[in-house]
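Q: Below: one structure in structure tokens.
The values are calculated or read from the model by the stated rules, or taken from the named source; none is laboratory data. Everything numeric here is computed off the predicted structure, so don't read it as measured data. Cβ sites come from the backbone with ideal geometry, for glycine too, and all protein chains shown count toward neighbours.
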Amino acid sequence: MLRGIIISPDEGLAEQLQEILHQVKSVNVVRWVDSYPNAIDLGRTLRAHSPQIVFLGLQDMDAAFDTAGKIEAAVAGMPIVTFGNSADPQALIALMRVGIREYLSAPFQPADLLETLERAKESLERSPLQPFESEHIFSFLPAKPGVGTSTTAMNAAWACSRQPDTKTLLLDLDLNSGMQRFMLKLDNDYSIVDAAENAFKLDEALWPQLVTSIGKLDVIHSGHLNPGYRIEGAQIRSMVEFARRNYQAVCVDLSGNMEKYSIELMQESKRVFLVTTPEISSLHLARERYHYLRQLDLDDRIQLILTRAQKRAAISIGQIEDLLGLPVLATISNDYQGVSRALTAGKPVDSNSELGREFALLAASMMDRKIVKTAPKAGKSITDYLSILPGKSILFADKKTG
């Protein structure tokens with residue numbers, strides 16, 4: 001069944017068309033737009049609903065032709081079926097001049113409609129639509145509570161949004177102790193729970209009510225403490241599908257409790273950032289998390305982010321990578337005062353600070369911009385520091401055998 005939208009200022013005619021489409025059961029009408037939209041609104045509608053066919057009313061020929069041109073510019077090859085009250089020969093000639101071959105005249109007949117839809121399906125088979133869908137979905141997973149995952153996710157998302165043409169979404173999916181609402185001083189009553197409950201009817205009208213916009217960054221917070229709420233996998237997939245069409249980057253702040261919906265989100269992600277500090281306990285739990293994620297076949301997308309890093313750390317980055325068998329994608333400095341000032345202001349950290357520049361480098365890497373990374377200096381053996389951690393031989397054996 002094709003997914004379609006109707007654009008027509010004639011409500012009666014649009015209802016007739018919807019009724020006949022329902023009868024033939026070949027098109028699911030996901031949206032009726034009751035006026036000819038401008039380019040911005042049209043783009044939002046196409047991204048929100050990802051239609052495979054558009055039914056365009058000819059109540060205003062000039063406006064309809066202009067809209068058809070905007071549709072083609074937004075999604076090349078989109079099948080457009082025009083419709084109206086009469087088959088005016090002059091109108092048909094005008095349609096052919098602008099490249100539109102399909103027209104339905106009221107009263108609509110099932111046989112005519114089925115023939116039109118069959119041609120549309122053949123066209124889609126020959127030239128499938130290529131709508132915009134971002135691959136840049138990033139999950140931030142803490143090795144343990146308190147390692148700075150929420151701060152990292154928020155500032156990385158903000159840094160992504162500051163890059164050219166990178167509208168970014170930040171989702172707080174920590175239903176136990178989500179911090180994004182507090183850190184950014186958000187007063188929106190709607191939360192990720194509302195987004196999940198409406199996951200199958202998200203559109204360009206509902207979505208702005210759910211998000212809070214900060215420049216090019218949109219945020220949906222986790223709401224009030226709600227540890228008993230469970231988000232279903234189908235809800236996650238629907239939300240991610242909608243987000244892919246509307247944002248260039250999506251960052252997700254996870255709780256670390258490994259809920260089913262968190263695993264579902266990590267499976268949808270391009271990369272999973274395991275956030276840890278260089279402390280022994282954090283590294284131990286980071287390794288435990290990594291082993292568990294490997295069992296879920298997620299190991300090829302996991303990378304480390306090291307927070308509260310110090311220039312003269314007792315354990316080098318190279319040693320940490322050897323212990324965990326994972327590359328350290330980024331190190332985030334331990335700037336307590338800078339983070340505290342940002343929290344007091346309800347803003348991300350200063351982009352011109354050293355910490356802000358580190359997040360900018362992280363964002364550039366996330367969006368596949370090349371970064372030159374220097375090799376870590378040799379130091380003491382990792383076993384000198386981590387002899388209390390069990391199972392080292394198992395980890396290194398895994399590394400050797402792949």
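Q: When you look at Gly99, is it modelled with pLDDT of 90 or more and exposed (fewer than 15 other Cβ atoms within 10 Å of the Cβ), yes or no?
A: no
Q: For the stretch 60-72, indicate whether the set of residues that are in contact with a Lys or Arg (Cβ under 7 Å, 6 or more places away or on another chain) and either outside the structural domain of Val339 (by TED's automatic domain parsing) or surrounded by 15 or more Cβ atoms within 10 Å (Cβ to Cβ) (or both) is non-empty.
A: No, the conditions are met nowhere in the stretch 60-72.
Q: Of everything in the stretch 281-313 that's over 28 Å from the mean Cα position of the chain (by Cα) and modelled with pLDDT under 90, which residue is surrounded by the most Cβ atoms within 10 Å (Cβ to Cβ)?
A: Ala309
Q: Determine the pairs where a residue that is closer than 9 Å to Leu129 by Cα, located within the stretch 75-88, has a partner that is assigned to a strand (DSSP E or B) with Cβ atoms under 8 Å apart, the partner being 6 or more residues away or on another chain.
A: Met78/Ile53; Met78/Val54
Q: Run Lys144 past the list (1) closer than 27 Å to Ala199 by Cβ; (2) in a loop (DSSP other than H, G, I, E, B); (3) in contact with a Leu (Cβ under 7 Å, 6 or more places away or on another chain) and report the number of the one that doesn't hold.
A: Answer for Lys144: the failing condition is (1).
Q: Here's something else I'd like to know. Out of contact with any His (no Cβ under 7 Å at 6 or more places or on another chain) and either more than 21 Å from Pro227 (Cβ to Cβ) or assigned to a helix (DSSP H, G or I) (or both), is that true of Leu104?
A: Yes, satisfied.
Q: Can you pull out the helices (runs of 4 or more DSSP H) entirely within the stretch 154-273 that have at least 1 residues that are closer than 20 Å to Glu135 by Cβ?
A: Qualifying helices (runs of 4 or more DSSP H): 233-246, 260-268.
Q: Of (1) surrounded by 16 or more Cβ atoms within 10 Å (Cβ to Cβ); (2) over 21 Å from Gln16 (Cα atoms), Ser127 satisfies all except one. Which?
A: That leaves (1) as the condition not met.
For (1) surrounded by 18 or more Cβ atoms within 10 Å (Cβ to Cβ); (2) touching a residue at least 24 places away in the same chain (Cβ under 8 Å), each residue gets a yes or a no:
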{"residue": "Pro164", "(1), (2)": "no, no"}
{"residue": "Asp174", "(1), (2)": "yes, yes"}
{"residue": "Asn188", "(1), (2)": "no, yes"}
{"residue": "Asp203", "(1), (2)": "no, yes"}
{"residue": "His221", "(1), (2)": "yes, yes"}
{"residue": "Tyr229", "(1), (2)": "no, yes"}
{"residue": "Arg237", "(1), (2)": "no, yes"}
{"residue": "Ser255", "(1), (2)": "yes, yes"}
{"residue": "Met258", "(1), (2)": "no, yes"}
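Q: Assess whether Phe138 counts as being within 21 Å of Ser222 (Cα to Cα) and at pLDDT 90 or above.
A: Against the criterion (within 21 Å of Ser222 (Cα to Cα) and at pLDDT 90 or above), Phe138 qualifies.
Q: So which of Ala76, Ala87, Ala48 ends up being at pLDDT below 90, over 27 Å from Pro110 (Cβ atoms) and in a loop (DSSP other than H, G, I, E, B)?
A: On inspection, the qualifying residue turns out to be Ala76.
Q: Within the stretch 314-402, considering only helices (runs of 4 or more DSSP H) that don't extend past its boundaries, which have at least 1 residues that are assigned by TED's automatic domain parsing to the domain that holds Lys216 and modelled with pLDDT of 50 or more?
A: Result: 317-324, 336-345, 354-366.
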